[in-house]
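J.: Below is one structure. I have some questions about it.
Bear in mind these aren't lab numbers, they're just calculated from the coordinates by the rules spelled out. All figures in this text were calculated on a predicted structure; none of them were measured in a lab. All Cβ positions, glycine included, derive from the backbone under ideal geometry; neighbour counts span all protein chains shown.
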Amino acid sequence: MARLLEVNNLRVIFRTYRGIIKALNGVRLWLNEEERLGIVGETGCGKSVSALSIMRLIDAPGEIIEGQVLFEGTDLLKITEEEMDKTVRGKKMSMIFQEPISALNPVFKVGFQIAESIAHSSEISMGDAYELAPEILEMVGLDWRRSMDLYPHELSGGMAQRVMIAMALAVKPKLLIADEPTSALDVTIQAQILQLLDELVRIGRNAVILITHDLGIASEFCDRITVMYAGNAIEISSSEEIFEEPLHPYTKGLIDSIPIIGASKVLSGIPGSVPDLIAPPPGCRFHPRCDFCFDKCRVELPDLKEVKPSHFVACHLYSDSF
């Protein structure tokens with residue numbers, strides 16, 4: 001499959017009164033056409049910042065200071081905001097935001113907001129777009145007769161998430177970014193949303209980036225997984241291999257902390273806590289929590305390298321020499 005997206009050496013900072021938060025520290029990831037990539041990791045590891053950077057939605061006090069975001073061969077960090085808005089964002093690329101209620105405009109009805117998305121992407125009139133909105137709502141399992149005239153505050157969490165999915169998919173994007181699309185929902189609605197998303201992306205043949213802290217969801221939905229820690233991509237491989245043979249100590253810790261129904265094993269957590277990204281530790285950012293840490297880990301940041309076919313890891317345990 002052809003390469004759709006490639007992110008290289010992406011660095012993002014946030015200037016705060018406490019100091020500069022080094023949110024992304026040279027992130028590298030890639031996505032092929034019609035592929036599903038999961039980005040997983042603890043809260044604060046840089047998952048959502050990576051997605052917003054790809055969409056060019058990092059606002060002050062945030063700043064992208066270095067890197068490339070190549071989408072269909074074009075570096076999105078080098079085109080103008082007008083070009084981004086007219087040719088990429090909301091046309092070839094769309095996003096399901098983490099909190100749907102806050103992402104929807106509170107003063108416009110659902111029907112208008114979906115019609116606006118359609119009109120923006122296809123450059124048809126609002127009247128014609130409004131005629132297409134019921135079909136989009138039905139596609140995501142909502143009764144359009146009831147939903148069209150509702151305001152966002154009148155929606156349940158599941159309904160709001162379905163509206164966000166409808167708006168994102170109405171533009172028929174080549175790349176759909178779903179940022180924690182089920183995090184605020186109960187498990188029954190989570191399953192419905194994931195099944196719906198699975199059906200829709202298969203029909204539309206979209207490429208998907210799914211951002212989640214739930215490894216179970218990532219394993220079921222994604223073809224490939226990128227594990228992030230403290231602003232770095234530390235392991236990338238197929239979903240199957242990540243769970244069967246994780247290489248990075250952090251990835252192993254995440255998987256060992258997953259409870260398994262019927263299993264008698266004692267769950268083991270990862271000691272310590274995520275570092276303060278204003279003053280992150282030198283070298284590998286995971287080394288203060290790692291049981292396998294040695295001298296090199298404390299002073300040198302490991303590169304992301306291919307240690308097995310299509311299996312990449314950033315860890316000195318797999319370097320040529322210690």
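J.: Loop-only check: which GluC sites (Glu not before Pro) in the range 36-132 are DSSP coil with at most 14 other Cβ within 10 angstrom?
T.: Answer in residue order: 123.
J.: Here is a further query. As an exercise, take the mean of 1/r over every pair of distinct alpha carbons in the range 82-221, invert it, and state the Kirkwood radius in angstroms. Each step should come with its number before you reach the end.
T.: Values: mean 1/r = 0.0664 Å⁻¹.
Evaluated over the range 82-221, this radius sits at 15.1 Å.
J.: Give the angle, between 0 and 90 degrees and rounded to the nearest 10, that separates the Cα long axis of helix 157-170 from the longest principal axis of the Cα atoms of the chain.
T.: The helix 157-170 is inclined about 80 degrees to the chain.
J.: Enter the Cα centre distance for the pair the range 1-37 and the range 69-117, rounded to the nearest angstrom.
T.: Taking the Cα centre of each part, the range 1-37 and the range 69-117 sit 18 Å apart.
J.: Just to confirm the number: angle between the C-alpha axis of helix 126-139 and the first principal axis of the chain, 0 to 90 degrees, nearest 10?
T.: 60
J.: So, with +1 on the Cβ of K and R and -1 on the Cβ of D and E, and no other charges, what is the size of the charge dipole of the range 210-322 about its Cα centre, to the nearest 20 debye? Each step should come with its number before you reach the end.
T.: Numbers: 9 positive and 16 negative charges, 67 e Å.
With only Lys, Arg, Asp and Glu charged at Cβ, the dipole is about 320 debye.
J.: Right, here's the next one. What distance in nm separates the simple spin-label points at residue 183 and residue 33, each placed 7 Å from Cα in the Cβ direction?
T.: So the label points at residue 183 and residue 33 sit 3.2 nm apart.
J.: Would you be so kind as to identify which of 219, 115, 17 lies farthest towards the positive end of the dipole of the chain, taking Lys and Arg as +1 and Asp and Glu as -1 on Cβ and the Cα centre as origin?
T.: Most positive-ward Cα: 17.
J.: Is there a quick way to get the dipole size of the chain? I mean about its Cα centre, with the Cβ of Lys and Arg at +1 and of Asp and Glu at -1; what is the value in debye to the nearest 20?
T.: 600
J.: Still on this structure: With springs only between Cα atoms under 10 Å, which of 61, 246, 281 fluctuates most in a Gaussian network model of the chain?
T.: In this elastic network of the chain, the residue with the biggest mean-square fluctuation among 61, 246, 281 is 61.
J.: Defining a contact as two alpha carbons under 8 Å apart and six or more residues distant in sequence, what relative contact order in percent does the range 122-211 show?
T.: 27
J.: For a quick check of your reading of the filter: which trypsin sites (Lys or Arg not before Pro) in the range 1-85 sit in a DSSP loop and have no more than 15 other Cβ atoms within 10 Å? List each step's numbers first, then the result.
T.: On the way: sites: 3, 11, 15, 18, 22, 28, 36, 47, 56, 78; in loops: 18, 56, 78.
Qualifying residues, ordered by number: 18, 78.
J.: Taking loop as defined by DSSP and a crowding limit of 14 other beta carbons within 10 Å, which chymotrypsin sites (Phe, Trp or Tyr not before Pro) in the range 62-142 fit?
T.: Of the chymotrypsin sites (Phe, Trp or Tyr not before Pro), the ones in loops of the range 62-142 whose Cβ has at most 14 other Cβ atoms within 10 Å are 108.
J.: If you take every DSSP beta bridge whose two residues both sit in the chain, what share of them, in percent to the nearest 5, is antiparallel?
T.: Of all bridge pairs located within the chain, approximately 65 percent are antiparallel.
J.: If you don't mind, another one. If the label point is 7 Å along Cα→Cβ of residue 172, which residues in the range 119-145 have backbone nitrogen under 20 Å from it?
T.: What the label zone holds, given the 20 Å backbone N cut-off, is 119-141.
J.: In degrees, nearest 10, range 0 to 90: what is the angle between the Cα axis of helix 187-204 and the longest Cα principal axis of the chain?
T.: Its long axis makes an angle of about 80 degrees.
J.: Starting from the 7 Å offset along Cα-to-Cβ, what nm value, one decimal, do you get for the label separation of residue 294 and residue 79?
T.: According to this spin-label approximation, the distance is 4.7 nm.
J.: 7 Å from Cα along Cα→Cβ at both residue 72 and residue 238: what's the point-to-point distance in nm?
T.: Label at residue 72, label at residue 238, 2.9 nm between them.
J.: Have a look at the DSSP beta bridges in the range 166-322 and tell me what percent are antiparallel, nearest 5.
T.: Bridges in the range 166-322 are about 70 percent antiparallel.
J.: Test of understanding: in a Gaussian network model of the chain with alpha carbons linked when under 10 Å, which of 45, 290, 222 would top the mean-square fluctuation ranking?
T.: With Cα springs under 10 Å in the chain, the top fluctuation among 45, 290, 222 is at 290.
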